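Worksheet: the structure to be examined is printed underneath.
The values are calculated or read from the model by the stated rules, or taken from the named source; none is laboratory data. Bear in mind that the values here come from a model prediction, so they are computed numbers and not experimental data. Neighbour counts run over all protein chains shown; Cβ positions are idealised from the backbone, glycine included. Please note that ligands, DNA and RNA were not included when accessible areas were found on the heavy atoms of the full protein model with its side chains. Shrake-Rupley method; radii C 1.70, N 1.55, O 1.52, S 1.80 Å.
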Amino acid sequence: MPDDAHPATTFEARLDKLAMLGVRVGLNLRAGQELVMTAPLDAMPLVRRIVEHAYKAGATLVTPLISDDAVALARYRHAHPDAAFDVAPGWLFNAMAEAFKGGAARLAVVGDDPTLLSAEDPEKVARANKARSIAYRPALELITGFAINWNLVPAATPGWARQVFPDLPEAQAVERLWDAIFAACRVDVADPVAEWARHNATLRARREFLNGKDFSALHFRGAGTDLRVGLAEGHLWCGGAEEAKNGIVCNPNIPTEEVFTTPHALRVEGAVRSTKPLAYQGTLIEDIAVRFEGGRIVEANATRGAEVLRKVIGTDEGAARLGEVALVPHSSPISASGLLFRNTLFDENAASHIALGQAYTTCLRDSAGVPMEALAKRGANASLIHIDWMIGSGEVDVDGITQGGEAEPLMRKGEFVAGPV
Ligand code: ZN
Ligand code: ZN
């Protein structure tokens, strides 16, 4: 490869570019902002570089909160089962919410082993997840409501790499996963910041086309799938760079390929089958098949992890309804890699998807300051959870259903056939 195509050839240089992208494109961190980070211990080399770039960008204070797989497992193995699993660090999440209200940005380095908790008692896992969801809500609402600029950036950890490349020795698996991350995050180009500006322009054109159409519903068809997803009244397509309510334009996900919007929580009908496994907080849920009636899941099956899936759906009333629908071309770089990352940040960007649970209120017109009850009347779903799972593939077709009830081809065999393609 010529040097101008791959100027950052060493691992250290590519890692530094990824950290720079997280701060400059992902967060667009402003001088004078605080930054609250979360990251796995295995990602410290990336964390240190992000911290450097954050201070170079003018951060006043960077506070990384570090997690560790062995520490997480110790709780499930040794904590007293009767009391321990309904406890969550509300004090910590309240402090995070306070930091966000004070203007702090939020960056999460993600690299979890998707099967970390799969051998643990699903009852304990569900209780712990529920307690965490409730405690995290005040902070999460500020993130999902885009009160602040935020970003997720990936890191290859041994636990994750083992799942993606189970046949390779650990060191080689980690190296291959880093290569895949750098490719998916568009790091391996002469000017990653300019490349992201181009990519954001494509996503913007696509969402503007869909906003102009103002479809009443989307109709997905494929093997095991015949699903009509009604769209919320005044739904807005989002994707790529977003302006947070603090006025900062950020890229919440790196990588990202999706355009997404708010479905109508009461107008989803039919059957849908997942096209990729769902890694949900340590458990892998495979071959999900669910049926919706009046927007609600009335039947839920999976060949693996069905018990966890049903518990998730039972979290609250809104957990059985949709809060997001997203379109991703099958030719996205992540899909083209042919890898199953077993991580939603990647796999959701390889395929069109839906999410159970909380809607992004920013995907609704004129939603600023409007109470959730009023947005619910327009179809926005409310829940403690928000879980994306993949329903698109090279075999899935999507039609847009106009307000007049006519079907217009939107995607064929997983590719856009209308709008900027
Ligand atoms: Zn999504
Ligand atoms: Zn989502």
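Summary table below
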quantity	calculated
Criterion: assigned to a loop (DSSP other than H, G, I, E, B), more than 15 Å from ligand 1 (Cβ to nearest atom) and open to solvent by less than 10 Å² (accessible area, probe 1.4 Å) - qualifying residue of Phe292, Phe215	Phe215
Residues (out of contact with any helix residue (DSSP H, G or I) (no Cβ under 8 Å at 6 or more places or on another chain) and open to solvent by 10 Å² or more (accessible area, probe 1.4 Å)) located in segment 371-391	Pro371, Glu373, Ala374, Ala376, Lys377, Arg378
Some residue of segment 310-317 being open to solvent by 20 Å² or more (accessible area, probe 1.4 Å), within 15 Å of ligand 2 (Cβ to nearest atom), in contact with a Pro (Cβ under 9 Å, 6 or more places away or on another chain) and not hydrophobic (A, V, I, L, M, F, W, C)	no
Residue match in segment 364-378 (condition: within 16 Å of ligand 2 (Cβ to nearest atom) and either out of contact with any strand residue (DSSP E or B) (no Cβ under 7 Å at 6 or more places or on another chain) or not hydrophobic (A, V, I, L, M, F, W, C) (or both))	no
Failed condition for His353, given (1) more than 16 Å from ligand 2 (Cβ to nearest atom); (2) open to solvent by less than 20 Å² (accessible area, probe 1.4 Å); (3) not hydroxyl-bearing (Ser, Thr, Tyr)	(1)
Residue in segment 308-316 that is free of Cβ contacts under 8 Å to residues at least 12 places away in the same chain, of a type in the set (Val, Ile, Thr) and touching a helix residue (DSSP H, G or I) at 6+ places or on another chain (Cβ under 9 Å) present	no
Residue among Gly240, Gly212 that is touching a helix residue (DSSP H, G or I) at 6+ places or on another chain (Cβ under 6 Å) and either free of Cβ contacts under 8 Å to residues at least 60 places away in the same chain or acidic (Asp, Glu) (or both)	Gly240
Of residues in segment 320-343 being within 16 Å of ligand 2 (Cβ to nearest atom) and surrounded by fewer than 23 Cβ atoms within 10 Å (Cβ to Cβ), the one nearest to the chain's Cα centre (by Cα)	Asn343
Those residues of segment 395-410 which are open to solvent by less than 50 Å² (accessible area, probe 1.4 Å) and either hydroxyl-bearing (Ser, Thr, Tyr) or assigned to a strand (DSSP E or B) (or both), in sequence order	Asp397, Val398, Asp399, Gly400, Ile401, Thr402, Leu410
Those helices (runs of 4 or more DSSP H) lying entirely in segment 323-394 with at least 3 residues more than 14 Å from ligand 1 (Cβ to nearest atom) and outside the structural domain of Ala161 (by TED's automatic domain parsing)	333-336, 372-377
Qualifying positions in segment 213-241 - within 22 Å of the chain's Cα centre (by Cα) and closer than 21 Å to Val421 by Cα	Leu218, Phe220, Leu236, Trp237, Cys238, Gly239, Gly240, Ala241
Cβ-Cβ under 8 Å pairs, at least 6 apart or on other chains, segment 90-108 side over 15 Å from Asn151 (Cβ atoms), far side in a helix (DSSP H, G or I) and among the hydroxyl-bearing types (Ser, Thr, Tyr)	Phe93/Tyr136
Extreme residue, surrounded by the most Cβ atoms within 10 Å (Cβ to Cβ), among residues of segment 179-195 that are in a loop (DSSP other than H, G, I, E, B) and not basic (Lys, Arg)	Cys185
Unique match (being of a type outside the set (Val, Ile, Thr) and free of Cβ contacts under 8 Å to residues at least 12 places away in the same chain) among Glu373, Glu348, Glu415	Glu373
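Yes or no, residue by residue, for (1) modelled with pLDDT of 95 or more; (2) under 29 Å from Val71 (Cβ atoms):
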| site | (1), (2) |
| --- | --- |
| Asp167 | yes, yes |
| Arg176 | yes, yes |
| Thr202 | no, no |
| Leu210 | yes, no |
| Ala232 | yes, no |
| Leu236 | yes, no |
| Cys250 | yes, no |
| Asn253 | no, yes |
| Thr261 | yes, no |
